[in-house]
Amino acid sequence: MDVVKTNIDTAAPAHAEASILIIYTGGTVGMVYDEKHHLVPFNFSQILQKVPELSNFKYMLTVLSIEPAIDSSNVAPSDWLMLANLIRDNYADYDGFVVLHGTDTMAYSASALSYLLENLEKPVIFTGAQVPIGRTRTDARANLISALQIAATKVNGKSIVPEVCIYFHNLLIRGNRAKKVESRHFNAFKSENYPLLAKAGISIDFYESAILPHPEKPLHVHQQLDDNVAILKLFPGITPQVMRSVLEAPGLRGIVLETFGAGNAPTAGWLLELLEDAISRGIYILNVSQCDEGRVDQGRYETSKFLLNMGVIGGDDITTEAAITKLMFVLALDLPATQTREMLASNLRGEISI
Ligand code: ASP
């Protein structure tokens, strides 16, 4: 993998209003047509040809392009660590970061980065597009321009959004609350169980009470994620063989158990035994609701009380994307069991509302 750097020639005066680093990772946003009318990755060093409006900004803009570009369906935890380290290495030189990324796994990547970048005090705004930048009706231009503006906005000399966020189709969403909900229309993301951080109309309105406070400590970039995790979605009719194949996977350390409603599961004896056995082998089970607007409340019904009693950890109102990346992050810290359980149940980066 290579990282290619280009400075964009904007109208920035000697003392620019802000300096922003754009990190292009890949995805539809960066696609153009070649002579044979095939979609191919665009060379971001020529971004001004596609988004000439950038030259009006009084910002210093630099682009780092990851080569080869990654379709976000191929994103892996190693890419999240690489992105976190690119931000760490450039942190002192920029006021904010805009990450251009495919939409398919953007919510996973934004969640992972929210955990890796502890005590973040500058904006890291993920954005992308549903229609390639090379097409006339592209949404890439509007998404990029507003994401840059958000990354550059300060109040009393400090970034207004010191968070990892997703900006898409007029909405600014906390990254670990985002979910991709559309693959055809422009409104690809929604914020689950949490208010928007900002909305772009004629002006960009920030909802400051929803935004995380500035940290008191310096940035700490974590260097490890543990991928010995799985997502197990329950459904009526799930068999012991299927459950066992997941729970007994070699090396498994944690699972996100996607349950019904407020965190409920079938009460069949075999299911109880398999879960209890997994917990006794040191596997952490994080209970996440299948409902989009769901909140796990273990113990409210008989069908979740047994999960609580055996030591399944309630995921509260977390999304599956934020839960699986939280497991990867917390398990990599290799803490004693009680602390691991406490961290999994607590609010680390605004991903749950306790
Ligand atoms: N497959 C593409 C990706 O996620 C889709 C997109 O960018 O919207 O990389």
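The values are calculated or read from the model by the stated rules, or taken from the named source; none is laboratory data. Small disclaimer: the values here were computed from a predicted structure and weren't measured. A quick note on method: Cβ atoms are made from the backbone with ideal geometry, for glycine too, and the neighbour counts reach across all protein chains shown. Remember, those area values only see protein heavy atoms, side chains included, never the ligands or the DNA or RNA. Shrake-Rupley method; radii C 1.70, N 1.55, O 1.52, S 1.80 Å.
For (1) hydroxyl-bearing (Ser, Thr, Tyr); (2) farther than 16 Å from Leu344 by Cα; (3) under 29 Å from the mean Cα position of the chain (by Cα), each residue gets a yes or a no:
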{"residue": "Val246", "(1), (2), (3)": "no, yes, yes"}
{"residue": "Gly254", "(1), (2), (3)": "no, no, yes"}
{"residue": "Ala262", "(1), (2), (3)": "no, yes, yes"}
{"residue": "Trp270", "(1), (2), (3)": "no, yes, no"}
{"residue": "Val288", "(1), (2), (3)": "no, no, yes"}
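For Val246, the conditions (1) in a loop (DSSP other than H, G, I, E, B); (2) surrounded by 14 or more Cβ atoms within 10 Å (Cβ to Cβ); (3) out of contact with any Gly (no Cβ under 9 Å at 6 or more places or on another chain) all hold with the exception of (1). Scanning the stretch 129-139 for residues that are open to solvent by less than 20 Å² (accessible area, probe 1.4 Å) and touching a strand residue (DSSP E or B) at 6+ places or on another chain (Cβ under 8 Å) turns up Pro132, Ile133.
Listed here are the residues, each with its yes/no results for (1) surrounded by fewer than 23 Cβ atoms within 10 Å (Cβ to Cβ); (2) free of Cβ contacts under 8 Å to residues at least 40 places away in the same chain; (3) more than 25 Å from Asp226 (Cα to Cα).
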{"residue": "Leu116", "(1), (2), (3)": "no, no, no"}
{"residue": "Thr127", "(1), (2), (3)": "no, no, yes"}
{"residue": "Arg141", "(1), (2), (3)": "yes, no, yes"}
{"residue": "Leu144", "(1), (2), (3)": "no, no, yes"}
{"residue": "Gln149", "(1), (2), (3)": "yes, no, yes"}
{"residue": "Pro162", "(1), (2), (3)": "yes, no, yes"}
{"residue": "Ile166", "(1), (2), (3)": "no, no, no"}
{"residue": "His169", "(1), (2), (3)": "yes, yes, yes"}
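Within the stretch 303-354, the residues that satisfy the criterion of being open to solvent by less than 40 Å² (accessible area, probe 1.4 Å), β-branched (Val, Ile, Thr) and part of a loop (DSSP other than H, G, I, E, B) are Val312, Ile318, Thr319, Ile352. Looking across the stretch 13-46 at every residue that is assigned to a loop (DSSP other than H, G, I, E, B) and open to solvent by less than 30 Å² (accessible area, probe 1.4 Å), the one that is nearest to Tyr94 (Cα to Cα) is identified as Thr25.
Listed by first and then second residue, the pairs with beta-carbon distance under 6 Å, at least 6 apart or on different chains, first residue in the stretch 284-311 and in contact (Cβ under 8 Å) with a residue 12 or more places away in the chain, second open to solvent by 60 Å² or more (accessible area, probe 1.4 Å) and not in a strand (DSSP E or B), are Gln298/Leu308; Thr303/Thr267; Met310/Glu276. Picking from residues in the stretch 185-200 that are open to solvent by 60 Å² or more (accessible area, probe 1.4 Å) and free of Cβ contacts under 8 Å to residues at least 40 places away in the same chain, the one that is nearest to the ligand (Cβ to nearest atom) is Asn187.
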